[in-house]
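Notes for the one structure printed next.
The values are calculated or read from the model by the stated rules, or taken from the named source; none is laboratory data. These numbers come from a predicted model, not from an experiment. With ideal geometry, Cβ positions are generated from the backbone for all residues, glycine too; neighbour counts draw on all protein chains shown. To get the accessible areas, we keep the full protein, side chains included, count just its heavy atoms, and leave off ligands, DNA and RNA. Shrake-Rupley method; radii C 1.70, N 1.55, O 1.52, S 1.80 Å.
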Amino acid sequence: MTALTQTEKTGARTDEAATLIGDARERIDALDDRIIGLIQERMAVSAVIQEARISSGGRRVNLAREMEVLGHFRDALGKPGTALAMTMLELCRGRI
Ligand SMILES: C=C(O[C@@H]1C=C(C(=O)O)C=C[C@H]1O)C(=O)O
């Protein structure tokens, strides 16, 4: 099979648009790598907090704090921000 052209890969109808989209997608891939790295870093920090609380006799989950986190994301990003934060919390402390 022959390789796809940049225009076919991007869905653009002109070479100029295809070049712009290809370049911008490279930036998005780099941003996604950074976002994934930050989430992994957040998971590690969250685990330290959870382990300290459990070792002290407390519970893994603190719902009041989770409400603060959800509110922070909702204020910044709207309703989809809440969904994003819920997924992030699940990554950090597992399912409840
Ligand atoms: C990290 C904590 O523990 C848990 C994980 C949270 C998080 O990842 O943001 C928030 C609340 C807790 O359910 C915390 O209490 O701050």
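Can you tell me the orientation of helix 15-55 relative to the chain, as the angle in degrees between its alpha-carbon axis and the longest Cα principal axis, to the nearest 10?
10
Per 0.36 nm of contour for each residue apart, how much would the distance between M43 and L20 grow if the chain were fully extended, relative to their Cα-Cα spacing? Working shown, then result.
Numbers: separation 23, 0.36 × 23 = 8.28 nm, distance 3.44 nm.
Value of the extension gain: 4.8 nm.
Return the carbon/sulfur percentage of the accessible area of the chain, one whole number, probe 1.4 Å, all protein chains in place. All intermediate terms of the calculation are to be shown ahead of the outcome.
Details: 4540 of 7730 Å².
About 59 percent, which is the carbon plus sulfur part of the accessible surface.
Calculate how steeply helix 63-77 sits against the longest principal axis of the alpha-carbon atoms of the chain, using the helix alpha-carbon long axis, and give the answer as 0 to 90 degrees to the nearest 10.
Taking the Cα atoms of the chain, the angle to 63-77 is about 30 degrees.
So what's the Cα pair-distance distribution over the chain, bin width 10 Å, in %?
14, 29, 23, 17, 12, 5, 0
So which trypsin sites (Lys or Arg not before Pro) in the chain pass both tests, a DSSP loop state and at most 11 other Cβ atoms within 10 Å of the Cβ? Please report the intermediate quantities before stating the final value.
Numbers: sites: K9, R13, R25, R27, R34, R42, R53, R59, R60, R65, R74, R93, R95; in loops: R13, R59, R60, R95.
Hits after loop and neighbour filter: R13, R59, R95.
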